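**Q** Questions regarding the structure given below will be posed in turn.
The values are calculated or read from the model by the stated rules, or taken from the named source; none is laboratory data. In this text, all values refer to a predicted model and were calculated from it rather than measured experimentally. Heads up, the Cβs are rebuilt from the backbone with ideal geometry, glycines too, and the neighbour counts pull from every protein chain shown.
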Amino acid sequence: MSELHDDIGEVLITAEQIQVRVRELGEELRSDYQGRSPLCIGILRGAIMFLADLIRACELELQIDFIAVASYGSSTRSSGVVRILKDLDEDIKDRDVILIEDILDTGLTLNYLLKNLKTRHPASIEICALLVKEGKQKVTVQPKYKGFDIEDRFVVGYGLDLNEKYRNLPYIGTLKPELLDIEYT
Ligand code: 5GP
């Protein structure tokens, strides 16, 4: 067994469960956006796996773009103060935008991004989040498309990291307690 797997306390969502759900979401998007050509915006870096699998599960004439944000705060807790590190390459005016996010925790990051992107006058904008932490949202951000609700634990894998590690795990899991930032409760 490799070192990465050794750090995992519990597998919460297996690779197979992720793939099944991603296929369902891809089908949902295909049906909702039929005849349209949405722009799928992946929020770097955590959403890359999800976006890559989702767009392959979605038979639409779509485009992709990326935005990178940084949330000030510790590695395991978001502060709500967000800074754009890399902006979009595409103009989203009059486009149907789907914001693809790895995990909705407090909702502060997506809330900020939504406000920012709406000032650019897209035709529509929806959120597709792989994971939503139950009961954690500090602001109302409603993902129209959602993979899984999860309990409030710090998770890694399938794009999600701790200090840039674990993104390439094919499943979503928790870390062994001794590896976690003591700030995270
Ligand atoms: P929010 O602004 O909704 O609180 O947090 C959004 C961002 O915080 C996510 O895109 C992700 O980067 C990070 N985040 C929140 N919860 C977790 C978690 O359980 N694991 C990891 N790896 N990142 C998380």
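**Q** Checking the condition of a type outside the set (Asp, Glu), under 16 Å from the mean Cα position of the chain (by Cα) and modelled with pLDDT under 95, which residue from Leu110, Leu99 passes?
**A** Details: Leu99 fails: modelled with pLDDT under 95.
Among Leu110, Leu99, only Leu110 is of a type outside the set (Asp, Glu), under 16 Å from the mean Cα position of the chain (by Cα) and modelled with pLDDT under 95.
**Q** How about the range 27-44: which of its residues are surrounded by fewer than 18 Cβ atoms within 10 Å (Cβ to Cβ) and in a helix (DSSP H, G or I)?
**A** Glu27, Glu28, Arg30, Ser31, Asp32
**Q** Checking Leu130 against (1) of a type outside the set (Gly, Ala, Ser); (2) touching a helix residue (DSSP H, G or I) at 6+ places or on another chain (Cβ under 6 Å); (3) more than 11 Å from the ligand (Cβ to nearest atom), which test does it fail?
**A** (3)
**Q** Checking the condition in contact with an Asp or Glu (Cβ under 6 Å, 6 or more places away or on another chain) and either of a type in the set (Gly, Ala, Ser) or within 11 Å of the ligand (Cβ to nearest atom) (or both), which residue from Gly135, Gly107, Gly159 passes? Give the derivation first.
**A** Working: Gly135 fails: in contact with an Asp or Glu (Cβ under 6 Å, 6 or more places away or on another chain); Gly107 fails: in contact with an Asp or Glu (Cβ under 6 Å, 6 or more places away or on another chain).
Gly159 is the lone residue from the list that is in contact with an Asp or Glu (Cβ under 6 Å, 6 or more places away or on another chain) and either of a type in the set (Gly, Ala, Ser) or within 11 Å of the ligand (Cβ to nearest atom) (or both).
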